[in-house]
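Reading through the structure tokens given below for one structure.
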Amino acid sequence: MDPDTMRGDGGDVYWRRRMSVLVAVLVVVAVVAWACSSGGSGPERTSSAKSSPSATPAVDPLLAGLRTLAMGTASPSPSPSALRPTPAAPPKHPGDPCAEQDLVLSMQGGKEPIYTGGSQPTFLVTLVNTGSVMCTADVGPRAMEIRITSGADRIWSTADCVSGAGSEIKELQRGVPYVRSLVWNRRRSSTDCRSTPAAALPGTYVATVRMGQLRTVKGVFHLR
């Protein structure tokens, strides 16, 4: 083109046309590039997400934690037997029979653990009521039995040859001990009261007191 024609008004028109063509080309290139990049992946991903049967819906972590906590702390309904109240122990009244758990039974032997010649062993039995009120207890020779043994041999017992009912009911005030002293004549006893009891031989003997389920400690002594 003649350089003279590019001067003046004709030159301005020429450059405006060239700029318009350049801008149009750039717009077309941009549109084609956008169509290729978005059209190849966007619609296809959308359709596959809609048609996939295995897609898992999103779960709110807070709701999932609350559901797990509720399932873990759920407890079974109490059974009818568990709802029944425990019956209270009946109140104790003065003069009622003593309960074994309220009694303390003890025994003391003689001052000498060895008895020589004709000396006779002596025992001191004590029964104390530790309950809240006065109660009654049978301290007769059968109910509160003093027994002497030597190994497996039953030597003597207060329950043998008892005349009458053999019971003796005592009122035990709270904390006030009942005391009984017993002297053993060093002879054997048996249920056959018609025979003459034989004398116990020299040796080692053990004395205990029994009252229901209560037992005293063993008192060991010797006869010479």
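The values are calculated or read from the model by the stated rules, or taken from the named source; none is laboratory data. In this text the structure is predicted, and so the values were computed from the model without any measurement. We place every Cβ from the backbone using ideal geometry, glycine too, and count neighbours over all the protein chains shown. Accessible surface areas use protein heavy atoms only, side chains included; no ligands, DNA or RNA. Shrake-Rupley method; radii C 1.70, N 1.55, O 1.52, S 1.80 Å.
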- Item | Linear extension gain, THR126 paired with SER181, 0.36 nm per residue minus alpha-carbon span | 18.9 nm
- Item | Intensity falloff of segment 94-224 expressed as log10 I(q)/I(0), Debye formula with alpha-carbon point scatterers, at q = 0.18, 0.19, 0.21 Å⁻¹ | -0.99, -1.07, -1.22
- Query: So how far apart, in nm, are the two label points at SER119 and ASP153 if each is 7 Å from Cα heading toward Cβ?
  - Reply: 2.2
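If the chain between VAL206 and HIS93 were fully stretched, how many nm would it gain, using 0.36 nm times the residue separation less the Cα-Cα distance? Walk me through the numbers on the way to the answer.
Working: separation 113, 0.36 × 113 = 40.68 nm, distance 3.79 nm.
Taking 0.36 nm per residue and subtracting the Cα distance, the gain is 36.9 nm.
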- Task: Would you mind counting up the charge near ALA200? Only other residues with Cβ under 15 Å from its Cβ, with Lys and Arg at +1 and Asp and Glu at -1.
- Result: +4
- Task: Would you tell me the accessible area of THR116, worked out with a 1.4 angstrom probe on the heavy atoms of the protein chains, in Å² to the nearest 10?
- Result: 80
